[in-house]
1. Looking at (1) in contact with a Leu (Cβ under 7 Å, 6 or more places away or on another chain); (2) under 22 Å from B:LEU110 (Cα atoms), which is the only condition B:ASP133 fails?
2. Taking the condition surrounded by fewer than 16 Cβ atoms within 10 Å (Cβ to Cβ) and either over 21 Å from B:ASP210 (Cα atoms) or modelled with pLDDT of 95 or more (or both), does B:GLY124 pass?
3. Which one is least open to solvent (accessible area, probe 1.4 Å), of the residues in region B:40-74 that are more than 17 Å from B:THR85 (Cα to Cα) and within 10 Å of chain A (Cβ to nearest Cβ)?
4. Would you say B:ASP159 is charged (D, E, K, R) and open to solvent by less than 10 Å² (accessible area, probe 1.4 Å)?
5. Could you please tell me which pairs satisfy a Cβ distance under 7 Å, a separation of 6+ or placement on different chains, a first residue in region A:45-73 that is without any contact (Cβ under 8 Å) to a residue 60 or more places away in the chain, and a second residue that is part of a helix (DSSP H, G or I) and of a type in the set (S, T, N, Q)?
6. State which residue pairs qualify: first residue within 7 Å of chain B (Cβ to nearest Cβ) and inside region A:77-88, second residue polar (S, T, N, Q) in any location, beta carbons under 6 Å apart, and separation of 6 or more residues or different chains.
7. Being in contact with a strand residue (DSSP E or B) (Cβ under 7 Å, 6 or more places away or on another chain) and of a type outside the set (A, V, I, L, M) is the filter here; which residues of region A:118-134 pass it?
8. Does region B:127-169 hold any residues that are in contact with a Lys or Arg (Cβ under 7 Å, 6 or more places away or on another chain), charged (D, E, K, R) and at pLDDT below 95, and which are they?
There are 2 protein chains.
Amino acid sequence: MITALAGGVGAARFLTGLTKLVKEEDLSVVVNTGDDIELFGLHISPDVDIVTYTLAGIVDEVKGWGIRGDTFRCLETLRKHGEDTWFGLGDRDLATHLYRTQRLKQGFTLTQITSEICDVLGLGVKVLPMSNDKFETRVKTREGSMHFEEYFVRRQAKDEILSVEFVGAATAKPSPGVLDAILDAETVVVCPSNPVVSIGTILSVDGVRDALKRTNARVVGVSPIVAGLPIKGPADKMLRSLGVEVSAFGVAEFYSDFLDAFVIDTKDAGAKGRLEQLGLDVKVANTVMKSLEDKVALAKVVLQH
Amino acid sequence: MITALAGGVGAARFLTGLTKLVKEEDLSVVVNTGDDIELFGLHISPDVDIVTYTLAGIVDEVKGWGIRGDTFRCLETLRKHGEDTWFGLGDRDLATHLYRTQRLKQGFTLTQITSEICDVLGLGVKVLPMSNDKFETRVKTREGSMHFEEYFVRRQAKDEILSVEFVGAATAKPSPGVLDAILDAETVVVCPSNPVVSIGTILSVDGVRDALKRTNARVVGVSPIVAGLPIKGPADKMLRSLGVEVSAFGVAEFYSDFLDAFVIDTKDAGAKGRLEQLGLDVKVANTVMKSLEDKVALAKVVLQH
């Protein structure tokens, strides 16, 4: 049994490789919901959708999100209504959000609804939203405080970050199955996702960090930082705002209380010795996944003892 | 100033002709909202949308509803989620429903939102939903009681009707502008719509029937029944359930307390004398509108004293 902690695009790409090596039913993925946002009255779970769409093979691989070949007629029409349409919502994709919103109103949980969505997509992987409670990642910049997606998508992560806030973290409970998935796994993989707003959110949910420390599973991280830069996204600005070194080492140190092994990129091979001083089993591999072969090769390194 | 009472397709077609003869800003249309329905958490106003889309020239003329050339990707995807997708919701059309639902949640009224939608569509006609209050037309058949749209669209109006119920009629107030539009008009046109579920709903709203009796406007009706059959829809089953004769005469009698003039089809010319005995100014014309010329010609007859 393997459990992965995941954000969006980076994690989803890595997991595509992993599912080529392990049976879908042996894989649980705990997904960040700090990015969840309400737009046009719809509950949108960006990371959950990226993970499910990617694993179901329907994601728009160029964008990394949304459904391949989707159209944007509804959104274009909303724009004519004067609506702010900075967040990409495709016509097919909208069905997911309408469905989710309606089911939430009917009293179902994100966990239940995500499981239903996985069934529709024919996905055997267990996708677990990290929490069914309200949790919102906010970013403070000189422009003010804003929802993470507003910072990331609308402002294209341009502004320097003063601080990151997890609204709801103090009360959010892990969703059913999350702690067990960590405690009962043989391997826990911390995907190459943003350590602050993708993994850090999951870690902030009550009991998760503790379960990672207590589990007998081998906990393996994959560095999202290569040669001092994030593969994708604003992880550098995020880490800097926390005073964390923007490097594979900085990330490993951030995870060091629960990590057993860490996979770094060949470009960071020089940091191996320093990382081993953290007590980690360090592997060096190509972590910049372009082809499916790259993804599978990286997954092999992660699973290798 | 002209005020029209309208249902969906029949009224919208007639109004297309009327707008060729009168200035848009001189026309107010009071539209039935008894068909309004919530689907997938969205507030849908079928008749309001048919009227606005038709007058804006974007309606799918073959279907009579929806937007020409619209796609149904979202609905097709909802179907995969096991959702009941009997009601046609196009991708562009969805923007209207998302917008309306969101604005309602923000506390705006149907009247205000409809006015905003008209602005976006570049429509100068004042489209007034009959009421901003909850009003639901339900149909009782041997299968049970159901929402009018469920009867009309899902069951294709097949079943015999035992009774029609207007839920909310006892408390629904006319929306702002409705009574004044009737009282201040020179001409009030009762469009060729279903006398029970399109016009009857409007008439049942507090004060409307009384305003029609009190107004100095010439009140002209157009028969939706030709040669004993409705031009479109289940008006025959509806009238029968009320014990009203399914004929131009039956409709005129149903409206006789406020009607000054009535336009009947050439096929019903033989009923002219009987209708005149109701005290009506009766005109005979082609009421089956196929071309734009037909619509304009019928509008001319309606406006002619």
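The values are calculated or read from the model by the stated rules, or taken from the named source; none is laboratory data. Fair warning: this is a prediction, and the values are worked out from it, not measured in the lab. Glycine also receives a Cβ, built like all others from the backbone with ideal geometry; neighbour counts cover every protein chain displayed. The area values use the complete protein model at the heavy-atom level, side chains included, leaving out ligands, DNA and RNA. Shrake-Rupley method; radii C 1.70, N 1.55, O 1.52, S 1.80 Å.
1. Failed condition: (1).
2. Yes; evaluated as a whole, the condition is true for this residue.
3. B:ILE67
4. So B:ASP159 fails the test.
5. Pairs that qualify, where the first residue is without any contact (Cβ under 8 Å) to a residue 60 or more places away in the chain and the partner is part of a helix (DSSP H, G or I) and of a type in the set (S, T, N, Q), are A:ASP49/A:THR96; A:THR54/A:THR16.
6. A:LEU78/A:THR85
7. Those that are in contact with a strand residue (DSSP E or B) (Cβ under 7 Å, 6 or more places away or on another chain) and of a type outside the set (A, V, I, L, M): A:CYS118, A:LYS126, A:PRO129, A:SER131.
8. Once the filter is applied, which keeps residues that are in contact with a Lys or Arg (Cβ under 7 Å, 6 or more places away or on another chain), charged (D, E, K, R) and at pLDDT below 95, region B:127-169 yields B:ASP159, B:GLU160.
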